[in-house]
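Structure, as structure tokens:
Taken together, the values in this text are just the output of simple stated rules run on the coordinates, not laboratory data. Everything numeric here is computed off the predicted structure, so don't read it as measured data. Here the Cβ positions follow ideal geometry from the backbone for every residue, glycine too, while neighbour counts run over all protein chains shown.
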Amino acid sequence: MTFFNSDLYRHVGLGFLIGAALMAAFNLDALTDEFSPPALAAEAPQAPLPAPEFRIQPFR
């Protein structure tokens with residue numbers, strides 16, 4: 001019995017083809033969907049403005 005006989009290549013090839021077919025079947029809905037609508041960004045929160053009587057005085 002040799003390690004590299006023809007059955008090994010046949011089984012690897014069949015496994016690759018079956019795996020590729022399964023991946024294509026699972027991802028088929030993603031390929032057929034139309035593009036999703038763009039996401040709407042949330043509005044930026046407004047920072048509260050300081051009261052008019054609040055003033056920072058510089059050091060002297």
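Quick notes on this one:
- From most to least packed by mean Cβ count within 10 Å, the peptides 42-54, 11-23 give 11-23, 42-54.
- Here the label points at Leu40 and Asn27, each 7 Å from Cα along the C-beta direction, are separated by 3.2 nm in the simple model.
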